[in-house]
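Structure record follows, encoded as structure tokens.
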Amino acid sequence: MSQDLEELQRILIEGQRRSMQGSYQRRSPAKPAIPFLLEARSGLKKYVEAHEDDDKAWRSLSQAEECLLNYSAALNCLEKAMDISGQRDKKDLKRLALLKEYEADWKQLNLTPAQLQALGGYLSQKLLEEGCDHTLRCTQEWLKALSIAKPKSVVDALRNRGGYCDCEVLNNVVGG
């Protein structure tokens, strides 16, 4: 694996390009992006071990973690970059606030990114077969089948993200 920061940043950018994620309210990255994002994260972790005072590398690692929906790690990396640079510019502060918001949203949702992706696959299949009846029937079936803890809080969090029926969960929350 390359230890060159520019090469790792190119890999990260390619992963971001393939991820099909917007910059706001990220969803699970598209499957073609995952190998690039994982490679970038792994390489950047090794890079920052060897170059602890490189704020650009820490920012890049923060971006990789964010794309993989690891908001806690993304926050830590961005804070480390800000500490190293000694600057707190508006762009960093805005991103820091967004990462904190995203982390809180994911905690409220109480589903892992993998579980959310599995829910999306389930809903895609069910809606293809049955169509949407404008309820959360299929979502609730999935939550029950997996014995998800606190299903009511998950449903409330889905509604807070614009998922008032199964097709809206798929399109607005999962990004199906």
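The values are calculated or read from the model by the stated rules, or taken from the named source; none is laboratory data. Everything numeric in this text was worked out from a predicted model, so none of it was measured. Every residue, glycine as well, gets a Cβ built from its backbone with ideal geometry; the counts of neighbours run over all protein chains shown.
Let's see how each residue does on (1) more than 20 Å from the chain's Cα centre (by Cα); (2) over 17 Å from residue 107 (Cα atoms):
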{"site": "131", "(1), (2)": "yes, yes"}
{"site": "141", "(1), (2)": "yes, yes"}
{"site": "151", "(1), (2)": "yes, no"}
{"site": "155", "(1), (2)": "no, no"}
{"site": "172", "(1), (2)": "no, yes"}
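State yes or no: is residue 172 loosely packed, with under 15 Cβ neighbours inside 10 Å and either farther than 26 Å from residue 4 by Cα or touching a residue at least 40 places away in the same chain (Cβ under 8 Å) (or both)?
Values: loosely packed, with under 15 Cβ neighbours inside 10 Å: no; either farther than 26 Å from residue 4 by Cα or touching a residue at least 40 places away in the same chain (Cβ under 8 Å) (or both): yes.
In short, no.
Only one entry in 35, 29 is outside any helix (DSSP H, G or I), outside the structural domain of residue 160 (by TED's automatic domain parsing) and on the phi < 0 side of the Ramachandran plot, namely 29. Here residue 36 fulfils each of the conditions (1) within 21 Å of residue 89 (Cα to Cα); (2) in contact (Cβ under 8 Å) with a residue 24 or more places away in the chain; (3) not acidic (Asp, Glu) apart from (1).
Screening residue 88 on (1) touching a residue at least 24 places away in the same chain (Cβ under 8 Å); (2) out of contact with any Leu (no Cβ under 6 Å at 6 or more places or on another chain); (3) over 20 Å from residue 169 (Cα atoms) shows it passes everything except condition (1).
Mind listing just one residue for me: the one in segment 129-169 that is among the polar types (S, T, N, Q) and assigned to a helix (DSSP H, G or I) and, of those, surrounded by the most Cβ atoms within 10 Å (Cβ to Cβ)? Full working, then the answer.
Start the filter on segment 129-169 by keeping residues that are among the polar types (S, T, N, Q), which leaves 135, 139-140, 147, 153, 160.
So of that shortlist, the ones also assigned to a helix (DSSP H, G or I) come out as 139-140, 153, 160.
On the way: 139: 25, 140: 16, 153: 13, 160: 12.
This residue is 139.
Listed here are the residues, each with its yes/no results for (1) surrounded by fewer than 23 Cβ atoms within 10 Å (Cβ to Cβ); (2) farther than 25 Å from residue 28 by Cα; (3) out of contact with any helix residue (DSSP H, G or I) (no Cβ under 9 Å at 6 or more places or on another chain); (4) at pLDDT below 95.
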| residue | (1), (2), (3), (4) |
| --- | --- |
| 49 | yes, yes, yes, no |
| 52 | yes, yes, no, no |
| 57 | no, no, no, no |
| 60 | no, no, no, no |
| 68 | yes, no, no, yes |
| 72 | yes, no, no, yes |
| 77 | no, no, no, no |
| 84 | yes, yes, no, no |
| 87 | yes, yes, no, yes |
